[in-house]
Amino acid sequence: MTIAEVLLLDFDPEIASTRRTLERIPETDPQWKPHGKSMAIGRLALHVARLPQFCTRILTTPELDFDKEKLPDLIFQSTAHLLTELDAAAAEARSRLAASSDDDLKQNWKLVFKGRAFVDAPRMVLYRTMFLNHLVHHRAQLGVYIRLLNIPVPGHYGPSADEPF
């Protein structure tokens, strides 16, 4: 198997699990957060929906320099918009990953912040750490948010308290 084929084994199930979580994000109060230091649910949900764009960025560019460009604002519109954003971003990321050669994935990619390379590592490593693990991390945060709002939490790797086998 190629490196891309191995990485794709996780891609589809994780995107499907992410979609199941995003489907449950309520539209009633996108500014709600469980703690003063937490990100608002609408903003966090849109960040999760757009994270596959970061995957595409890692796979198709040599670097991202935050000193030279600003990421778009994360303004919640609707649950349907979250799903549209996820579906489009995931389709593009999946396509780019599937087209990546082993040599492409071994090339280093950089994340630059305040003139310093915060990250400089092979794309195949950053796919896992900066994209996939990042996606799972924030999806789990959303699971806590929706639990606190008494919304059923989907089971991702087995049953949840709300979705037994």
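Among the lysines, which have Cα under 20 Å from the Cα of Lys110 when same-chain residues fewer than 8 positions away are ignored?
Lys68, Lys70
For Lys114, give me every one of the aspartates and glutamates with a C-alpha distance below 13 angstrom, ignoring sequence neighbours fewer than eight places off in its own chain.
Of all the aspartates and glutamates, those that pass the test against Lys114 - Cα under 13 Å, at least 8 places apart if same chain - are Asp65, Asp67, Glu69.
Longest span of the chain, sites excluded, free of trypsin sites (Lys or Arg not before Pro) in DSSP loop with at most 12 other C-beta atoms within 10 Å?
115-165
Defining a contact as two alpha carbons under 8 Å apart and six or more residues distant in sequence, what relative contact order in percent does segment 67-165 show?
Once normalised by length, the contact order is 13 percent.
Measuring from centroid to centroid over Cα atoms, what is the spacing of segment 1-44 and segment 114-165 in Å?
One Cα centre to the other: 6 Å.
With θ set to phi - 60° and the Karplus curve 6.51 cos²θ - 1.76 cosθ + 1.60, what are the ³J(HN,Hα) couplings of segment 97-105 in order, to the nearest whole Hz, using x for Gly and Pro?
3J(HN,Hα) across segment 97-105, in whole Hz: 5, 4, 7, 7, 7, 4, 4, 4, 6.
Can you compute 3J(HN,Hα) from phi for each residue in segment 140-151, using the Karplus curve 6.51 cos²θ - 1.76 cosθ + 1.60 with θ = phi - 60°, rounded to whole Hz and x for Gly and Pro?
5, 4, 4, x, 5, 4, 5, 4, 5, 8, 6, 9
List every residue whose amide H lies under 5 Å from the amide H of Lys110, counting only residues 5 or more places away in sequence or on a different chain, with H placed 1.01 Å from N in the peptide plane.
Excluding prolines and chain starts, which carry no amide H, the hits are Glu63, Leu64.
Given points 7 Å out from each Cα along the Cα-Cβ axis, report the Ala117 to Ala80 separation in nanometres with one decimal.
About 4.6 nm, to one decimal.
In debye, nearest 20, what is the charge dipole magnitude of the chain about its Cα centre with +1 on Lys and Arg Cβ and -1 on Asp and Glu Cβ, if you could check?
520
Percent relative contact order of the chain, based on C-alpha pairs within less than 8 angstrom and at least six residues apart?
29
GNM, the chain, Cα, under 10 Å: largest mean-square fluctuation among Pro72, Pro26, Pro122?
Looking only at Pro72, Pro26, Pro122, the biggest GNM fluctuation is shown by Pro72.
Tell me, what ³J(HN,Hα) does each residue in segment 117-133 have, in order and in whole Hz, if you take phi through Karplus 6.51 cos²θ - 1.76 cosθ + 1.60 with θ = phi - 60° and put x for Gly and Pro?
Whole-Hz 3J(HN,Hα) from phi for segment 117-133: 6, 6, 9, 8, 7, x, 3, 5, 6, 6, 4, 6, 7, 7, 10, 5, 5.
Sum -39500 (n - 2.57) across every DSSP H segment of at least 4 residues in the chain, then divide by the residue count to get the 222 nm mean residue ellipticity, nearest 500.
Result for the chain, helices only: -16500 deg cm²/dmol.
Rule-based calculations on the coordinates, nothing more; no lab input. Quick caveat: nothing in here was measured; it's all calculated off a predicted structure. Cβ: placed from backbone, ideal geometry, glycine included. Neighbour counts: every protein chain shown.
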